[in-house]
């Protein structure tokens, strides 16, 4: 082969390699183009008032005016609205030195204007005075470093499937803004720049900004809606912040206690009965102390035990009963613990009066000592000592204590005389005989409505003590509901006992629910505040004006929450669970309402 032919062959091979490289490059470029086509809209159409991206219509608004003050979470209604939105916030820090210089000039101008008005005898201008005060306050805060200064831009892009829908969404957004004195406009002839500004590429092409300090900027923090939804638990209601469901398991918190505050008719009983009904569905046992006969219908509907306590009933509860505990530590302490409980009970029975929220013991030190010895002797005569093996013996009754006191030296006979109305007098029988109560049921309700007013706090104390003995004997998932708990808070010993339940309930897998409409009486005592502190869940429904200030101080409510708390409709309130709280709407199905309501003329009495 000639030299010329060899060169031609080499050129052909080189050209072939070049062609192959070009084909690979074109194939790669074609692949890139195809990928871009997949993620890009089919077309973009820009108009002065809106734009069209493929089949979707969009419109960008910008905020240009704000009120003199903003409350925390003012942006929450916009973020949680059930519409498709893109929201962009641009925050630019400004050098404090520059701001101080400009503020100094501004204050000088404002004061000059005020002096001119004064010299000409014009009426004072409140707006001018407010501007001077605001500027001076801001200067002070900037000077000590408590505040910083920023430029803030807020843009919102709306999306819809048609122009009519786009107009409807814009009206909703403008209404939300208008309710808070925040003013917005459509970015006329700047829709492309508005669309770019709301895309996740951090390019502020509209550049419409407003001066704000640190406090004002912080109120626009977007992630303000708490979410109280768990995989397990029961439905408490609807989260009014974002229309989510509040599904929660109270036993997942550090304790399962709950307090419910509400004025009469605000829905507290309805809410608690609804929680009880739903808790039963996941295996919880419910025990209720019912002072107003509100729970009988629900109890009958679920096949529960309804125990009616009155002087005419056959129900008997012996306060000397000892818990049949299995735990060795509790067994050794069972008698001593019950003696302490009985001391509190007899102080209550022997005339403990409440004065200004503080109970005064009617017993002198000598009487306390004699009562203590009489209680020990009464148990000993029944064969019960500190030895746990003796605790299976039949316990004594108040009749036995009366007999012990009557034959004692010292103050014993006097105490026996004061105790006689519970043994052979007016209140004899109900608490002076052996117990015949069986609460082996998933729902048990103790009704004390028919008891005399003087006997009612005594009955609540004895019933709580009886329930506590059963809780300690067998640990199950239980919820104990104490309605009208303020009646117990009137007396020091019963308040201490209720607080002791709240503090120790977690150990025995018990959740205590205390309900009251008398916030002042409940929160006015040290034990009442302590019970709230030992409750991981709180529900505040509509309150009277006098109760709002008390609850606001305890729960650190914002001004907006205080305002809402006094004006909530029936069934709405603030639901606290651990560190989170939400505005909740309690809802029930028709079947649940029919079981819970006690008013035949209403769909649901709350």
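The values are calculated or read from the model by the stated rules, or taken from the named source; none is laboratory data. Source: prediction; values computed, not measured. Counting neighbours? That spans all protein chains shown, and the Cβs are built from the backbone with ideal geometry, glycine included.
If you filter region 438-464 down to residues that are surrounded by fewer than 22 Cβ atoms within 10 Å (Cβ to Cβ) and in contact with a helix residue (DSSP H, G or I) (Cβ under 7 Å, 6 or more places away or on another chain), you find that the one that is modelled with the lowest pLDDT is 439. Among residues that are in contact (Cβ under 8 Å) with a residue 40 or more places away in the chain, farther than 23 Å from residue 571 by Cα, assigned by TED's automatic domain parsing to the domain that holds residue 539 and touching a strand residue (DSSP E or B) at 6+ places or on another chain (Cβ under 7 Å), residue 251 is included. Look at (1) assigned to a loop (DSSP other than H, G, I, E, B); (2) at pLDDT 85 or above; (3) surrounded by fewer than 20 Cβ atoms within 10 Å (Cβ to Cβ); (4) in the same structural domain as residue 528 (by TED's automatic domain parsing) and you find that residue 383 fails only one, number (4). Among the residues making up region 69-82, those that are surrounded by 15 or more Cβ atoms within 10 Å (Cβ to Cβ) and part of a loop (DSSP other than H, G, I, E, B) are 70, 72, 73, 74, 75, 80, 81. Here residue 425 meets the list (1) part of a helix (DSSP H, G or I); (2) surrounded by fewer than 17 Cβ atoms within 10 Å (Cβ to Cβ) almost entirely, failing just condition (1). The requirement of being touching a residue at least 60 places away in the same chain (Cβ under 8 Å) and in a strand (DSSP E or B) is fulfilled somewhere in region 40-51, by at least one residue. When region 520-560 is filtered for residues that are modelled with pLDDT under 80 and under 17 Å from residue 255 (Cα atoms), nothing remains.
Residues are listed down the side, and each one gets a yes or a no for (1) at pLDDT 80 or above; (2) loosely packed, with under 13 Cβ neighbours inside 10 Å; (3) under 30 Å from residue 44 (Cβ atoms):
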position: 63; (1), (2), (3): yes, no, yes
position: 67; (1), (2), (3): yes, yes, no
position: 84; (1), (2), (3): yes, no, yes
position: 92; (1), (2), (3): yes, yes, yes
position: 103; (1), (2), (3): no, no, no
position: 115; (1), (2), (3): yes, yes, no
position: 124; (1), (2), (3): no, yes, no
position: 135; (1), (2), (3): no, no, no
position: 168; (1), (2), (3): yes, no, yes
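The listed residues are 195, 212, and the only one of them that is farther than 30 Å from residue 248 by Cβ, crowded, with 17+ Cβ neighbours inside 10 Å and modelled with pLDDT under 90 turns out to be 212.
Within this structure, residue 353 passes the test of being closer than 24 Å to residue 428 by Cα, at pLDDT below 90, outside the structural domain of residue 482 (by TED's automatic domain parsing) and in contact with a strand residue (DSSP E or B) (Cβ under 8 Å, 6 or more places away or on another chain).
Taking the criterion of being assigned to a loop (DSSP other than H, G, I, E, B) and over 22 Å from residue 517 (Cβ atoms), the residues of region 449-486 that qualify are 474, 475, 476, 477. The residues in region 140-159 that are in contact with a helix residue (DSSP H, G or I) (Cβ under 6 Å, 6 or more places away or on another chain) and more than 18 Å from residue 102 (Cα to Cα) can be counted, and the count is 2.
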